[in-house]
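Enquirer: There's a structure below that I have some questions on.
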């Protein structure tokens, strides 16, 4: 019966991921990358142009070279929303995904720290794959006249394999002691960037459950992906355990559109017969069998073959080392690096065993300090962990990463404090609590705290979800001219 409906699900699901990503980005862009934002895109492009001349267009591929003003940034995200909706409803999928790739790459290329997450690169890589898989035409429906090509499907399944297997392998190969003794999940739920309330509940489970969960995770990530290389009847069994893992991750932590994107890739593992068999009996009668037409070789077969070869080269480099790749292959991978559309994956290879949080404070007199609050940071101890849904709060995430290092590794921190002192409207809109309103403080600093989840008994007694202790000054204080 072919893979027409699996492709249909993948393409619609990927369009939904783009829609959520652009909707999430749009209200954040002015504060993150705008003219008075934390990392202004226009200033960055000016520096690149000054340092690299014409090579800048290759090193930083973005349509924002023509204009990186606040209205253009927001317009790029709004255009992404519009194109995502068109593709979601089945219009111009091949052209639509090409535009979505160009738009998301354009914003990612100037986003630096705020758009450097693995799922940003995964979204771009999946979108390149979608261009090769999409049927042509204005509204092709299932695309029986232009069925998915085997090499493109193979590249999609290899991408899913990379994502899942390397996430498990990175943990095993790191020799991190908490993964080796299976105690990592006793830390993970409270030290992950943005936990949910269910994460707090999961943290309360006994050690044996955490160890069994870690063992199950290794089993899923290291074994289930190999089923993706089997024929359709065997390949289908890879999906349930991988789906279960993504569901549990998504329930206990806020990872934006990442979990949905991982699930969307799983559609490429399913053929039409499997999807039909998964329907309730009452709906199977509505299934209309559509047989794909056999089409001759096409240019996209060659492009899919190149993509497949590059993915295999990346896998080889991951295990054998990049210096062992033949020169032409290494040069090809280097050539594509600025386009952020090829990557190896692996999250939480080394477990963070304590949670550090940066709390930004302001003062008008240098004596009395009041804390700002972010929407999804822990913040007040009595505040329950917040569910962000598919929204990706970029500043909240980057503050978590910054707390793991020092300010010299995160040069955007001084800029954040300076913008708050200036009362920059876009930056203020990224906050949950702005205690100074339209009269910004003169003095600002960043304090460092160690946070942990309370126990069930502590929570019942105090009503608090968190406990914390101060670790000292992270950066500052700075004084802003009034």
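The values are calculated or read from the model by the stated rules, or taken from the named source; none is laboratory data. Please read these numbers as outputs of a predicted model, since none were measured by experiment. Neighbour counts are summed over all protein chains in view; Cβ atoms, including those assigned to glycine, are modelled from backbone coordinates with ideal geometry.
Table: residues versus (1) over 18 Å from residue 351 (Cβ atoms); (2) without any contact (Cβ under 8 Å) to a residue 24 or more places away in the chain.
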site: 180; (1), (2): no, yes
site: 184; (1), (2): no, no
site: 187; (1), (2): no, no
site: 197; (1), (2): yes, no
site: 217; (1), (2): no, no
site: 223; (1), (2): yes, yes
site: 237; (1), (2): yes, yes
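Enquirer: So, one more: If you go through the stretch 118-140 one residue at a time, how many are farther than 14 Å from residue 11 by Cα and surrounded by 22 or more Cβ atoms within 10 Å (Cβ to Cβ)? Give the steps one after another, and end with the answer.
Expert: Here is the first cut: in the stretch 118-140, the residues farther than 14 Å from residue 11 by Cα are 118-122, 137-138.
Remaining after also requiring surrounded by 22 or more Cβ atoms within 10 Å (Cβ to Cβ): 119-120, 122.
Summing the residues that are farther than 14 Å from residue 11 by Cα and surrounded by 22 or more Cβ atoms within 10 Å (Cβ to Cβ) in the stretch 118-140 gives 3.
Enquirer: Does at least one position in the stretch 414-435 carry a residue that is surrounded by 14 or more Cβ atoms within 10 Å (Cβ to Cβ) and under 22 Å from residue 352 (Cα atoms)?
Expert: No, the stretch 414-435 contains no residue that is surrounded by 14 or more Cβ atoms within 10 Å (Cβ to Cβ) and under 22 Å from residue 352 (Cα atoms).
Enquirer: Does residue 227 fit the bill of being within 30 Å of residue 379 (Cβ to Cβ) and in a helix (DSSP H, G or I)? Quick ask: steps written out before the conclusion?
Expert: Working: within 30 Å of residue 379 (Cβ to Cβ): no; in a helix (DSSP H, G or I): yes.
Judged against the criteria, residue 227 is not a match.
Enquirer: Which residues, taken from the stretch 43-59, are touching a helix residue (DSSP H, G or I) at 6+ places or on another chain (Cβ under 8 Å) and without any contact (Cβ under 8 Å) to a residue 60 or more places away in the chain?
Expert: Applying the first criterion (touching a helix residue (DSSP H, G or I) at 6+ places or on another chain (Cβ under 8 Å)) to the stretch 43-59 yields 44-45, 48-49, 52, 56-59.
Selection gives 48, 49, 52, 56, 57.
Enquirer: Condition (residue is assigned to a loop (DSSP other than H, G, I, E, B), closer than 25 Å to residue 169 by Cα and modelled with pLDDT under 95) applied to the stretch 332-341: is it met by at least one residue?
Expert: Filtering the stretch 332-341 for residues assigned to a loop (DSSP other than H, G, I, E, B) gives 340-341.
Retained after the next criterion (residues that are closer than 25 Å to residue 169 by Cα): 340-341.
Then keep just the ones that are modelled with pLDDT under 95; that gives 340-341.
Yes, there is a match, as at least one residue in the stretch 332-341 is assigned to a loop (DSSP other than H, G, I, E, B), closer than 25 Å to residue 169 by Cα and modelled with pLDDT under 95.
Enquirer: So which of 33, 100 ends up being over 30 Å from residue 146 (Cα atoms), in the same structural domain as residue 300 (by TED's automatic domain parsing), modelled with pLDDT of 95 or more and buried (at least 20 other Cβ atoms within 10 Å of the Cβ)?
Expert: Working: 100 fails: over 30 Å from residue 146 (Cα atoms).
Answer to the selection: 33.
Enquirer: Right, another one. Looking at this structure, is residue 128 under 19 Å from the mean Cα position of the chain (by Cα) and more than 21 Å from residue 312 (Cα to Cα)? Give the steps one after another, and end with the answer.
Expert: Values: under 19 Å from the mean Cα position of the chain (by Cα): yes; more than 21 Å from residue 312 (Cα to Cα): no.
Against the criterion (under 19 Å from the mean Cα position of the chain (by Cα) and more than 21 Å from residue 312 (Cα to Cα)), residue 128 does not qualify.
Enquirer: Next question, about the same structure. Restricting attention to the stretch 250-269, does a residue exist that is assigned to a helix (DSSP H, G or I), touching a residue at least 24 places away in the same chain (Cβ under 8 Å) and surrounded by fewer than 18 Cβ atoms within 10 Å (Cβ to Cβ)?
Expert: If we filter the stretch 250-269 for residues that are assigned to a helix (DSSP H, G or I), which is where we start, we get 250-252, 258-269.
Now restrict to residues that are touching a residue at least 24 places away in the same chain (Cβ under 8 Å): 251-252, 258, 260-269.
Those still in the list that are surrounded by fewer than 18 Cβ atoms within 10 Å (Cβ to Cβ) too: 251.
The answer is yes; a qualifying residue exists.
Enquirer: Report yes if some residue within the stretch 119-129 is in the same structural domain as residue 300 (by TED's automatic domain parsing), without any contact (Cβ under 8 Å) to a residue 40 or more places away in the chain, in a helix (DSSP H, G or I) and more than 27 Å from residue 410 (Cα to Cα); otherwise report no. Reasoning before the result, please.
Expert: First pass over the stretch 119-129, keeping only residues in the same structural domain as residue 300 (by TED's automatic domain parsing): 119-129.
Now restrict to residues that are without any contact (Cβ under 8 Å) to a residue 40 or more places away in the chain: none.
The answer is no, given that none of the residues of the stretch 119-129 is in the same structural domain as residue 300 (by TED's automatic domain parsing), without any contact (Cβ under 8 Å) to a residue 40 or more places away in the chain, in a helix (DSSP H, G or I) and more than 27 Å from residue 410 (Cα to Cα).
Enquirer: While we're looking at this one, here's another question. Determine whether residue 457 is closer than 18 Å to residue 193 by Cβ and modelled with pLDDT of 95 or more. Working first, answer last.
Expert: Working: closer than 18 Å to residue 193 by Cβ: no; modelled with pLDDT of 95 or more: yes.
It is false that residue 457 is closer than 18 Å to residue 193 by Cβ and modelled with pLDDT of 95 or more.
Enquirer: Same structure again: For the stretch 41-60, indicate whether the set of residues that are outside any helix (DSSP H, G or I) and either buried (at least 19 other Cβ atoms within 10 Å of the Cβ) or under 25 Å from the mean Cα position of the chain (by Cα) (or both) is non-empty. Before you say what the answer is, go through the steps one by one.
Expert: Within the stretch 41-60, the first condition is being outside any helix (DSSP H, G or I), and the residues that meet it are 60.
If we keep only those that are either buried (at least 19 other Cβ atoms within 10 Å of the Cβ) or under 25 Å from the mean Cα position of the chain (by Cα) (or both) too, we end up with 60.
The answer is yes; a qualifying residue exists.
Enquirer: Separate question: Which is under 23 Å from the mean Cα position of the chain (by Cα), buried (at least 16 other Cβ atoms within 10 Å of the Cβ), over 30 Å from residue 190 (Cβ atoms) and at pLDDT below 90, of 314, 303, 347? Steps first, please.
Expert: Values: 303 fails: under 23 Å from the mean Cα position of the chain (by Cα); 347 fails: over 30 Å from residue 190 (Cβ atoms).
Result: 314 is the single residue among 314, 303, 347 that is under 23 Å from the mean Cα position of the chain (by Cα), buried (at least 16 other Cβ atoms within 10 Å of the Cβ), over 30 Å from residue 190 (Cβ atoms) and at pLDDT below 90.
Enquirer: Right, here's the next one. With respect to residue 143, is the statement that it is at positive phi, out of contact with any strand residue (DSSP E or B) (no Cβ under 8 Å at 6 or more places or on another chain) and surrounded by 21 or more Cβ atoms within 10 Å (Cβ to Cβ) true? Outline the logic, then answer.
Expert: On the way: at positive phi: yes; out of contact with any strand residue (DSSP E or B) (no Cβ under 8 Å at 6 or more places or on another chain): yes; surrounded by 21 or more Cβ atoms within 10 Å (Cβ to Cβ): yes.
Criteria met by residue 143.
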